[in-house]
Structure formats: structure tokens, C-alpha cells
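As C-alpha cells, the structure follows; a few thoughts come after it.
The values are calculated or read from the model by the stated rules, or taken from the named source; none is laboratory data. Treat the numbers as computed from the prediction; the structure is a model and nothing was measured. Don't worry about glycine lacking a Cβ; one is built from the backbone with ideal geometry, like all the others, and counts go over all protein chains shown.
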Amino acid sequence: MANSSYFRISVISKCNLACQFCHREGNYARLEEILTPQEIQFACKVALKAGFNKFKITGGEPTEREDLDVIVSLLSQLHLPDLSMITNGTNLVALSQKLWNAGLRRINVTLNTLDPKRFQQFRPKKGIDVQSIVKGIEVAKQAGFEHLKINFVFFDKDSEKDLEDLIEFVRKTNLTLVVLPVINDNRLYSLDDMYNLIKTYGIRSEEIIVDNEGLRKRNIYLNGGGTVLLRIDELAWKRPYSFCSKCANSLQCREGIFPIRLSANGELIPCMADFEHRINVRNILRNRDEDGLKEAFRKITLWQQ
Ligand code: SF4
């Protein structure tokens, strides 16, 4: 594998939902440890110099951070080649315009069902319903995020119906649905099963693309509008780090194993399932120590194979 060029920045560990299949990307971070917008900007500036070219803002739920627009604005000043954010969509009605004005141009919204009852099963939080997320997607489109993507985790047998509903939704809205397999021992559907299912909904054409990590994906263009993006290659085939051979989770490599992550409390994380090879760079960031941060990136790169 080529060295990772993908940098994910968790700006907050808190989330306002509690999805069953959340992979808990954000380290728990105490308030006093949380990186400031300026420290996050410094980290990205050095990451850019170190060769990273794809940047994603994550959480927890990033829109729960009150100064998110300040962070976006500071990152926009760096002219990063590819900056996007992943969100559960619950705050998009309130924040879409502000984030667009701050310079954000791409959003992925996680949405696993359009069925209100099932939504509550996935995300047991009172006061938040699926309609508020659909409304948020509409508002985001109006604000300028016309090409936003919806991340859908194919979770269980009932996901077939969810997929059908979401395909209809992206067809009408001309959006992209990213279909992801759930990563656990009870997985019912292979990527090929999902592909065969998607084909039954009527496709116009498709193209195979290879991403920066060498993984093959299909862009599937639906009859009547909208696109589905589905991986061809299983993550478990890959072993991105030299310590993978000793990993107990190697058959369940989680989504997004390739990016290097910066946690909200300033840890560089090569793989979420690994706790031995994290590097705490909080003081390095606080001291704006560019050489120290470059050295931390270099160390992580050495573990990549
Ligand atoms: S360390 Fe991470 S990337 Fe490597 S095999 Fe384990 S889960 Fe996969």
C-alpha cells in the first residue's frame, strides 16, 4: 500500500445520537484537552506539507462543536485540495449556510433508514427524528451542497427495504448513496450480494474507479437519476500496517482503516482498532512545533506497508 494521504480530524468526541453501529471514531476527550481551531489548523497545515491531500472533519458529531464554522474557515484558508465533513445531519438545518459561507464544499450525511420507527431503533435519542435529517439535507442542498453524499450502512435483513427507500430518495434528489457493509461477525451480505441487489433497482451505467488506497469501487448510475457508490474490494484483504499481523481484529478491519486520524484531544491514530501505536501530539500542537509534528507523521508512515 502507498503511504496514506488521507487525514481525518475529529473535532469533538461528543455525539447527539447513539447509533448501534457507531465505530466510535472520536477518542473520549476532556474539555481542557480539546484542540483549539488554531491547533487544528496548524495540524492540517503541517499534514499538507507532509503529503496528505484528503482531509475530512469528523467527530463524535462535528456539528455539536460550537466553533465549527471557525475551524472550517481556518482550514479553508489553507486551500486544502480536498476538504469534507461527515455528519449525522441533525444540525444541518441550522448550520448549512454558515458552513458553506465558511468555505466547506462537501458533506457526507450518515442516514441508514427513512423509516421513522426503525430510525428510533438505530438512534435511541428523544427529540430527533428522521424527518429533521431529511429536512437538513434539503437545506444543505439549497445552501450549495448540491453533491452531498449519503452514507448508508447495510446492517441487517431489513436493510433491503431501507436500501430501496434510499435509492428512491437519491433518484429524486439526484444525490449519491454510499453503501457500506456493517463490520461484525453476523454480517449477512457480501459486497457482491449488495451489488446484485442494487442492480435490481434499475441501473443506467456504471464505472469502476480505484481510490488512493488501491481499493476498487463502483459508481453505479441509476435509471432516472442519482448514483450509488459501492466498494468492490473487502477491507479485510488489506493489511495496511506492519503491526496488522498481530491484530486480533484483522478479519473485521473497520471502515476507513487507511486514513491517519487526529483525535479531538490530540492523538495521532493509525488504526482505530489499535491502541499501542497512537502518538500524543497535543503539546507539539500547542507549541506549534512543526518539526515535532513532521517527525510524528514520519513515525506513523514507517508503520505503513
Ligand atoms: S491493526 Fe487495524 S488495519 Fe491492521 S488488521 Fe487490525 S484492524 Fe485492520
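Odds and ends about this structure:
- Residue within the stretch 267-282 that is away from the ligand (no atom under 16 Å from the Cβ), of a type in the set (G, A, S) and surrounded by 14 or more Cβ atoms within 10 Å (Cβ to Cβ) present: no
- Residue within the stretch 287-294 that is more than 10 Å from the ligand (Cβ to nearest atom), within 23 Å of the chain's Cα centre (by Cα) and at pLDDT 90 or above present: no
- The residues in the stretch 175-194 that are at pLDDT 95 or above and not aliphatic (A, V, I, L, M) can be counted, and the count is 1.
- The residues in the stretch 107-142 that are under 21 Å from S13 (Cα atoms) and touching a Leu at 6+ places or on another chain (Cβ under 8 Å) can be counted, and the count is 8.
- Look at (1) more than 10 Å from the ligand (Cβ to nearest atom); (2) over 19 Å from R8 (Cα atoms); (3) not hydrophobic (A, V, I, L, M, F, W, C) and you find that S250 fails only one, number (1).
- Scan of the stretch 131-168 for residues that are crowded, with 18+ Cβ neighbours inside 10 Å and farther than 27 Å from G103 by Cα, ordered by number: V153, F154, F155, S159, D162, L163, L166, I167
- Taking the criterion of being closer than 17 Å to L35 by Cα and free of Cβ contacts under 8 Å to residues at least 12 places away in the same chain, the residues of the stretch 284-297 that qualify are N287, D289, G292.
- Note on the stretch 106-213: enclosed helices (runs of 4 or more DSSP H) holding 3 or more residues that are in contact with a strand residue (DSSP E or B) (Cβ under 8 Å, 6 or more places away or on another chain) are 130-143, 159-173, 191-199.
- Extreme residue, modelled with the highest pLDDT, among residues of the stretch 240-256 that are farther than 19 Å from A50 by Cα and assigned to a loop (DSSP other than H, G, I, E, B): C247
- A Cβ distance below 6 Å, combined with a sequence gap of six or more or placement on separate chains, defines the contacts here; from the stretch 248-262, residues that are on the phi < 0 side of the Ramachandran plot reach residues that are at pLDDT below 70 in the pairs L251/A236; Q252/I183; C253/A236; R254/H23; R254/I183.
- For the stretch 101-118, the set of residues classified as over 16 Å from E66 (Cα atoms) and either crowded, with 20+ Cβ neighbours inside 10 Å or polar (S, T, N, Q) (or both) consists of I107, N108, V109, T110, L111, N112, T113, listed by residue number.
- The set of residues from the stretch 219-247 being touching a Ser or Thr at 6+ places or on another chain (Cβ under 8 Å) and within 8 Å of the ligand (Cβ to nearest atom) comprises A236, R239, P240, C244.
- Residues that are within 22 Å of the chain's Cα centre (by Cα) and either over 27 Å from K246 (Cβ atoms) or surrounded by 15 or more Cβ atoms within 10 Å (Cβ to Cβ) (or both), drawn from the stretch 295-305: F297, I300, Q304
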